[in-house]
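The values are calculated or read from the model by the stated rules, or taken from the named source; none is laboratory data. For clarity, every value in this text was computed on a predicted model and none was experimentally measured. Please note: Cβ atoms are built from the backbone with ideal geometry, for glycine as well, and neighbour counts cover all protein chains shown.
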Amino acid sequence: MKFIYADSLDYIDPLYDFEADRSPPQRRPYWDDLYPHEFLDPMPYDGVLVSRAIVGDGPVGGESTQRRRLSAFGGRAPAPSEARRPEAC
């Protein structure tokens, strides 16, 4: 299985001009860039990893807006049988 770690901010510029080696002058990185899975079909990985702090099940509660957003798009925590245990590494 292949995953992308969402906190690494691996965005792509969908309008990047490879021949000129530049982005359009009107580019707004925060608003216009996309994660690879939002642009490429098929998706180049099997899932997106996020920190436990974002989903709120860690020692410090996560932001409820992020938790709702992940749930709305099908995000879920792995079942106990899917979780990776340190002794298995």
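Numbers below:
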item	result
Answer residue from region 8-43, given it is assigned to a helix (DSSP H, G or I) and surrounded by 11 or more Cβ atoms within 10 Å (Cβ to Cβ) and is modelled with the lowest pLDDT among those	H37
Condition check for F3: at pLDDT 65 or above, touching a Pro at 6+ places or on another chain (Cβ under 7 Å) and at negative phi	no
Complete set of residues in region 13-43 that are touching a residue at least 24 places away in the same chain (Cβ under 8 Å) and within 12 Å of the chain's Cα centre (by Cα)	Y35, P36, H37
